[in-house]
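Engineer: Take this structure, written in structure tokens, and hold onto it; I'll ask about it next.
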Amino acid sequence: MLKEGQKLAIDWLPDKNSKEPVYKQIVNYINRKISSGDWTIGSKLPSQRFLAECFSVNRSTVVRALEELCSYGILEGTTGKGTMVTSNTWSVLMSNAPPDWGDYLRAGTFQENVPTVQMINKLEFEKDIVRLGTGELSPDLFPAEMMREVLQKLPDRFPSLNYLGPLGLPELRRALSLRLKKQGIDADPSCILITSGSLQALQLISVCMLKPGSVVYTESPSYLKSLQVFPSAGMKLTGIPMDRDGIQYWDIGNQTENSRNEAAVDMEDALLYTIPTFHNPTGTLMSETRRKELFRFCSNHRLPIIEDDAYGELWLEEEPPKPLKTMDHHGMILYLGTISKTLAPGLRIGWLVGPESVVERLGDVKMQIDYGASSLSQWALAELFSSGLYDKYLIDLRHKLKLRRDFALSLLEKHFRGLAQWDVPKGSFYIWLKLLVDIPTDQLFQRMLKEQILINPGNIYDFQKNKSIRLSYSYAEEVSLENGIEKMADVIRKMR
């Protein structure tokens, strides 16, 4: 298993039955990783103790192997800084040397994720890990029978699986247009772009609609802070505080905390990204009053809005207020939706609603990137929407998610009373745990990994120090969720 900050994947063990000494096998393995370009110049090796655990050998064996590699000039050990890859000199002697891919990787403009996010992205796919923060539905909630029924009908529905036009499948865009009108959003099919998930919509916006130096305002904390889409394009993310009604819009534009002097706000080269309905990661539901105030504020200052409505259909007891987009009659809001949270992220289907000119521009860029989202997924989703099966499925899904939420809340009452505060979410997947004890969440993250439990610490979503945890009740099975929450409470008490 990797630890935070460790980027060199190790999935090999020496053959202790081989006639070749174990330390020599380790030398050859590390050399192969470097000479192949897998481990680039400048990469930092894990500690000797960690390597010994990975290779199931004594630490002295690792020390001997590293000393030999250092003598070749491939590695260099520095007190306090660890051991680094400094050269592929040995590979030059053995074979044709590869290019130093590290130089190319460092020269790229797209920034890498913070180490904790990289670790989460990798470890979520390990079998024995209990995932307490995963933002997707459990495989147990996947409607296999419904999808089987839909997929069996598809061969009679579509003429081929060839490429589709720049905006996506017309039948799907028409079906989406009808669904959006039921929500109060008047969007012709020509104003809808099908994307490969709503995250791709953000990427398209970042590469062709904003110039470097632009400011992207967002809630603090925010899902967007865990991504590098906008910073990689040279834009600045600025966090705006929240309260229980949603984003404190009066703080946009470097306002003082209590100032509502809107005339002083400069909105040139800026936009707002917001998740008003069941906010990720906090679960906050923006009130109807705050939505109206926010829309008026942004309209007055010509501040464009990206409204991410990934969770809007996952209400558990009562429908939430209408999306911001329902108030927009002048094309000020780009509205994002997706099937990833309500059905299956593997379908890779999302959509963007906006003015035709914007949709056409983004569609052109999308064709340059991937030449369209999956044709099969688009046909399947069009059938789901038009048949009515999707809406029936949502009713059942909401019921099951409510049971999961209530179970998670009962566990928190049992194990976290006095350790954290939380609100009862009205929809979506998440409970935002605000720890009452002063412990570093990055250390908690590491301690939980030793228990084979993966958590999402709040600092990956925030612009400042954060002592919260995003707990998800949508993925882990009941037994795993109960054991995971109990163990996390025990670890926090010991750290305290």
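The values are calculated or read from the model by the stated rules, or taken from the named source; none is laboratory data. Bear in mind the structure is a predicted one, so any value in this text is a computation, not a measurement. Quick reminder, even Gly has a Cβ in these numbers, built from the backbone with ideal geometry, and neighbours come from all protein chains shown.
Engineer: Counting only residues that are in contact (Cβ under 8 Å) with a residue 60 or more places away in the chain and surrounded by 23 or more Cβ atoms within 10 Å (Cβ to Cβ), which one in region 327-340 is farthest from Leu271 (Cα to Cα)?
Structural biologist: Thr338
Engineer: Could you list, in sequence order, the residues of region 268-298 that are at pLDDT below 95 and over 21 Å from Leu202 (Cβ atoms)?
Structural biologist: Selection gives Glu268 alone.
Engineer: Residue under question is Ile30, and the condition is that it be modelled with pLDDT of 90 or more and touching a strand residue (DSSP E or B) at 6+ places or on another chain (Cβ under 9 Å); does it hold? If you could, list the steps in order and put the result at the bottom.
Structural biologist: Values: modelled with pLDDT of 90 or more: yes; touching a strand residue (DSSP E or B) at 6+ places or on another chain (Cβ under 9 Å): yes.
In short, yes.
Engineer: Tell me which of these Lys325 doesn't satisfy, since it passes every other one: (1) over 18 Å from Gln200 (Cβ atoms); (2) in a loop (DSSP other than H, G, I, E, B).
Structural biologist: (2)
Engineer: Follow-up question, since we're still on this one. What number of residues in region 209-233 are modelled with pLDDT of 95 or more and of a type in the set (Gly, Ala, Ser)?
Structural biologist: Counting residues in region 209-233 that are modelled with pLDDT of 95 or more and of a type in the set (Gly, Ala, Ser) gives 2.
Engineer: To continue, here is another question. State yes or no: is Leu66 of a type outside the set (S, T, N, Q), within 24 Å of Glu451 (Cα to Cα), modelled with pLDDT of 90 or more and outside any strand (DSSP E or B)? Outline the logic, then answer.
Structural biologist: On the way: of a type outside the set (S, T, N, Q): yes; within 24 Å of Glu451 (Cα to Cα): no; modelled with pLDDT of 90 or more: yes; outside any strand (DSSP E or B): yes.
Taking the combined requirement at face value, the residue does not satisfy it.
Engineer: Any idea how many residues of region 121-153 are outside any loop (DSSP other than H, G, I, E, B) and of a type in the set (Ser, Thr, Tyr)?
Structural biologist: Of the residues in region 121-153, the ones outside any loop (DSSP other than H, G, I, E, B) are 121-123, 130-131, 139-141, 144-153.
Still in the running and of a type in the set (Ser, Thr, Tyr): none.
Of the residues in region 121-153, 0 are outside any loop (DSSP other than H, G, I, E, B) and of a type in the set (Ser, Thr, Tyr).
Engineer: Scan region 314-322 and give yes if some residue there is surrounded by fewer than 22 Cβ atoms within 10 Å (Cβ to Cβ) and assigned to a strand (DSSP E or B), otherwise no.
Structural biologist: yes
Engineer: Evaluate the following for Glu482: is it in contact (Cβ under 8 Å) with a residue 24 or more places away in the chain, in contact with a helix residue (DSSP H, G or I) (Cβ under 7 Å, 6 or more places away or on another chain) and surrounded by 16 or more Cβ atoms within 10 Å (Cβ to Cβ)? Lay out the reasoning, then the answer.
Structural biologist: Numbers: in contact (Cβ under 8 Å) with a residue 24 or more places away in the chain: yes; in contact with a helix residue (DSSP H, G or I) (Cβ under 7 Å, 6 or more places away or on another chain): yes; surrounded by 16 or more Cβ atoms within 10 Å (Cβ to Cβ): yes.
Taking the combined requirement at face value, the residue satisfies it.
Engineer: A follow-up question, please. For Ser377, work out the one condition from (1) more than 17 Å from Leu180 (Cβ to Cβ); (2) free of Cβ contacts under 8 Å to residues at least 40 places away in the same chain; (3) outside any helix (DSSP H, G or I); (4) in contact with a helix residue (DSSP H, G or I) (Cβ under 8 Å, 6 or more places away or on another chain) it doesn't fulfil.
Structural biologist: (3)
Engineer: Across region 440-469, what is the total count of residues that are touching a residue at least 12 places away in the same chain (Cβ under 8 Å) and part of a loop (DSSP other than H, G, I, E, B)? Step through it out loud before you land on a result.
Structural biologist: First, pick out the residues of region 440-469 that are touching a residue at least 12 places away in the same chain (Cβ under 8 Å): 441-449, 451-464, 466-469.
Next cut, part of a loop (DSSP other than H, G, I, E, B) only: 451-452, 455, 461-464, 466-467.
Matching residues across region 440-469 total 9.
Engineer: Go through the residues of region 408-426 one by one and say whether even a single one is surrounded by fewer than 17 Cβ atoms within 10 Å (Cβ to Cβ), touching a Gly at 6+ places or on another chain (Cβ under 8 Å) and either assigned to a helix (DSSP H, G or I) or not charged (D, E, K, R) (or both).
Structural biologist: Checked against the condition, which is being surrounded by fewer than 17 Cβ atoms within 10 Å (Cβ to Cβ), touching a Gly at 6+ places or on another chain (Cβ under 8 Å) and either assigned to a helix (DSSP H, G or I) or not charged (D, E, K, R) (or both), region 408-426 yields no hits at all.
Engineer: When region 27-52 is examined, which residues are found to be in contact with a Phe, Trp or Tyr (Cβ under 6 Å, 6 or more places away or on another chain) and part of a helix (DSSP H, G or I)?
Structural biologist: As a first pass, look at region 27-52 and keep what is in contact with a Phe, Trp or Tyr (Cβ under 6 Å, 6 or more places away or on another chain): 29, 31, 33, 37, 40.
Within region 27-52, Tyr29, Asn31, Lys33 meet the criteria.
Engineer: Pairs please, first residue from region 159-185 and surrounded by fewer than 17 Cβ atoms within 10 Å (Cβ to Cβ), second anywhere and modelled with pLDDT under 95 and not in a helix (DSSP H, G or I), Cβ atoms under 7 Å, 6+ apart in sequence or on different chains.
Structural biologist: From residues that are surrounded by fewer than 17 Cβ atoms within 10 Å (Cβ to Cβ), the pairs are Tyr163/Tyr371; Tyr163/Gly372.
Engineer: Hey, could you check region 234-267 for residues that are surrounded by fewer than 15 Cβ atoms within 10 Å (Cβ to Cβ) and modelled with pLDDT of 75 or more and say which is farthest from Ser214 (Cα to Cα)?
Structural biologist: Taking region 234-267 and keeping what is surrounded by fewer than 15 Cβ atoms within 10 Å (Cβ to Cβ), we get 234, 236, 241, 243-244, 254, 256-261, 263-264, 266.
Now drop any that are not modelled with pLDDT of 75 or more, which leaves 234, 236, 241, 243-244.
Numbers: Gly234: 8, Lys236: 6, Pro241: 20, Asp243: 26, Arg244: 28 Å.
Ranking the candidates gives Arg244 first.
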